[in-house]
Amino acid sequence: MERTAAAAVSVQGGHGAGQAFRQRLQPPRAARIIEGMLPPIAGPVAAPVAAPIAELRASLRAPGAHAALTEQVLQAAAAPAAAQVFTTLLPEQARAAARAADEALAAGRALPPLAGLPVSVKDLYDLAGRTTMAGSLLRAGAPPATQDAAAVARLRAAGAAIVGLTNMSEFAFSGVGINPHHGTPRNPADAAVARVPGGSSSGAAVSVALGLAVAGLGSDTGGSIRIPAALCGLVGFKSTQRRTPLAGAFPLSFTLDTVCAMARSVADCLLVDGVLAGAPLAPPARGAAGLRLALPQTLVLDALEPAVAAAFERGLRALSAAGARIVEIPLAELAEIAQINAPGGLSPIEAWAVHREAMATQRARFDPRVAARIAQGEGVSAADYIVLLQRRQDWIARVTARLQGFDAMLCPSVPIVAPPIADLVADDAAFFRANGLLLRNTFTTNFLDGCAFSLPCQAAGELPVGLMLAAPGGHDEALAGVALAVERTLRDALR
């Protein structure tokens with residue numbers, strides 16, 4: 001059915017029950033490791049980076065401009081507002097990249113795309129000479145990486161000034177972003193209430209939202225780029241998995257892990273994606289008029305909080321007014337995901353393969369909520385795992401066929417706004433319920449082996465809400481063109 005008026009969506013009510021697990025008290029704030037001397041900042045510091053990358057590059061033409069920007073970023077990263085965003089700051093590495101950009105500019109050489117610009121890196125990527133901690137304490141004492149992860153090496157080759165390693169959910173296994181070892185970075189969207197940033201790329205999102213980075217390198221296994229992007233008011237792009245190299249990224253799920261990033265705009269995400277993939281996309285220029293967008297009626301509109309429902313409906317009206325055709329489709333296959341993924345689930349099964357020895361000997365050192373999820377993969381047989389993979393391939397083929405003829409599928413990125421940190425730290429049932437809701441819509445794209453953007457669709461003064469555009473795997477370039485058009489339409493409507 002083609003949608004000409006706002007359709008009713010289910011609004012959340014009641015509270016789901018979650019399995020109770022041993023609670024762990026939030027520890028005192030972990031000290032950040034700082035390589036080099038960096039004076040502490042007592043008060044708030046203005047966001048150093050607020051402009052799109054193209055505008056920022058054009059503004060950095062004066063001698064020493066990149067070095068000056070880097071110093072501003074490093075000062076802001078030491079301010080209280082940035083507490084628990086980084087697990088390690090890398091001031092000397094960032095300064096060296098900034099100096100190199102200034103020297104190249106002074107010499108009249110062409111600058112690479114990220115020359116001297118601050119970028120953050122999620123602490124699951126290898127940096128040569130450092131132990132990759134992946135948000136855990138268990139990795140302490142592990143051998144240091146002998147070389148940079150492929151994604152990090154490509155960022156450096158593009159001139160990026162890597163400011164530091166960002167906090168994350170332990171082993172990337174949560175969509176909430178709470179970390180009991182290193183603390184939880186506060187979502188900058190709400191000055192009154194300390195809310196979760198989303199995960200697992202929690203620090204990556206907050207680093208961009210606070211203006212400490214033009215982009216945050218993260219990862220997306222079930223939504224770990226798009227969830228924090230949605231909750232923090234950013235743009236997140238989960239590319240097709242095979243587009244970017246996984247080498248040097250600590251694994252959660254070999255089948256689902258995707259190397260990708262978040263930024264302030266679709267254009268910035270595409271620039272960074274081109275660096276990570278080694279080949280930039282060339283999306284077709286188009287407007288919203290004539291877009292044919294599928295709006296599934298199964299699963300993704302269930303239990304929306306009122307704020308999410310209102311923002312999403314407003315976005316749909318803006319797209320319809322701009323000439324986009326929004327077509328409601330059943331897409332009943334979305335209801336099959338839970339049953340197909342039931343024998344443990346791809347992420348728990350593959351995480352168990354990574355962590356089974358540590359789970360047997362050091363389980364008490366894990367975040368207990370992460371350990372509980374990993375343990376779900378313990379009893380799954382090889383036969384059941386193979387059947388799961390086969391059934392997923394059949395499901396991908398059927399859903400891809402359903403989406404033929406559409407430019408993208410759209411839905412809310414997540415059905416809730418960012419919950420308060422304290423509520424989820426204190427209550428396991430509340431944590432697991434929120435985690436399930438946060439992952440529900442985004443995971444559909446991972447299970448599809450697809451690509452997706454999360455775009456902000458909230459009005460000024462509202463808590464962030466994301467609108468997700470998704471497509472089957474390999475359609476990144478076409479989807480990027482759609483995302484650029486939808487972003488323009490939403491921004492114009494929300495002015």
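The values are calculated or read from the model by the stated rules, or taken from the named source; none is laboratory data. Predicted model only: the values in this text are computed from it and were never measured. Cβ placement follows ideal geometry from the backbone for every residue including glycine, while neighbour counts extend to all protein chains displayed.
Pairing residues of segment 269-298 that are surrounded by fewer than 19 Cβ atoms within 10 Å (Cβ to Cβ) with residues that are in a strand (DSSP E or B) and not charged (D, E, K, R), at Cβ distances under 9 Å and at least 6 apart in sequence or on separate chains, gives Arg292/Ile326; Arg292/Val327; Arg292/Ala408; Gln297/Ile329; Thr298/Ile329. Selection of helices (runs of 4 or more DSSP H) fully inside segment 385-495 by the criterion of at least 2 residues being more than 24 Å from Ala172 (Cα to Cα) and either among the aliphatic types (A, V, I, L, M) or modelled with pLDDT of 95 or more (or both) returns 476-494.
State which residue is nearest to Val387 (Cα to Cα) when the search covers only segment 311-331 and only residues that are part of a helix (DSSP H, G or I) and touching a strand residue (DSSP E or B) at 6+ places or on another chain (Cβ under 9 Å). If we take residues in segment 311-331 being part of a helix (DSSP H, G or I) and touching a strand residue (DSSP E or B) at 6+ places or on another chain (Cβ under 9 Å), then Phe312 is nearest to Val387 (Cα to Cα). Residues considered: Cys451, Cys411. Of these, the only one that is closer than 24 Å to Arg264 by Cβ and touching a His at 6+ places or on another chain (Cβ under 7 Å) is Cys451.
Any residue at all in segment 148-157 that's in a loop (DSSP other than H, G, I, E, B), over 16 Å from the mean Cα position of the chain (by Cα) and of a type outside the set (Val, Ile, Thr)? Taking every residue of segment 148-157 in turn, at least one turns out to be in a loop (DSSP other than H, G, I, E, B), over 16 Å from the mean Cα position of the chain (by Cα) and of a type outside the set (Val, Ile, Thr). Restricting Gly135, Gly218 to those that are touching a residue at least 40 places away in the same chain (Cβ under 8 Å) and within 22 Å of Arg243 (Cβ to Cβ) reduces the list to Gly218.
Any residue in segment 284-297 that is in a strand (DSSP E or B), among the hydrophobic types (A, V, I, L, M, F, W, C), touching an Asp or Glu at 6+ places or on another chain (Cβ under 7 Å) and farther than 28 Å from Val370 by Cβ? Within segment 284-297, one or more residues are in a strand (DSSP E or B), among the hydrophobic types (A, V, I, L, M, F, W, C), touching an Asp or Glu at 6+ places or on another chain (Cβ under 7 Å) and farther than 28 Å from Val370 by Cβ. State yes or no: is Gly175 crowded, with 20+ Cβ neighbours inside 10 Å, on the phi > 0 side of the Ramachandran plot, modelled with pLDDT of 95 or more and in contact with a helix residue (DSSP H, G or I) (Cβ under 6 Å, 6 or more places away or on another chain)? No: the conditions fail for Gly175.
Among the residues of segment 305-325, are any β-branched (Val, Ile, Thr), buried (at least 22 other Cβ atoms within 10 Å of the Cβ) and either under 21 Å from Ala172 (Cα atoms) or modelled with pLDDT under 95 (or both)? Checked segment 305-325: no residue is β-branched (Val, Ile, Thr), buried (at least 22 other Cβ atoms within 10 Å of the Cβ) and either under 21 Å from Ala172 (Cα atoms) or modelled with pLDDT under 95 (or both).
Within this structure, Ala128 fails the test of being assigned to a loop (DSSP other than H, G, I, E, B), small (Gly, Ala, Ser) and under 17 Å from Ser201 (Cβ atoms).
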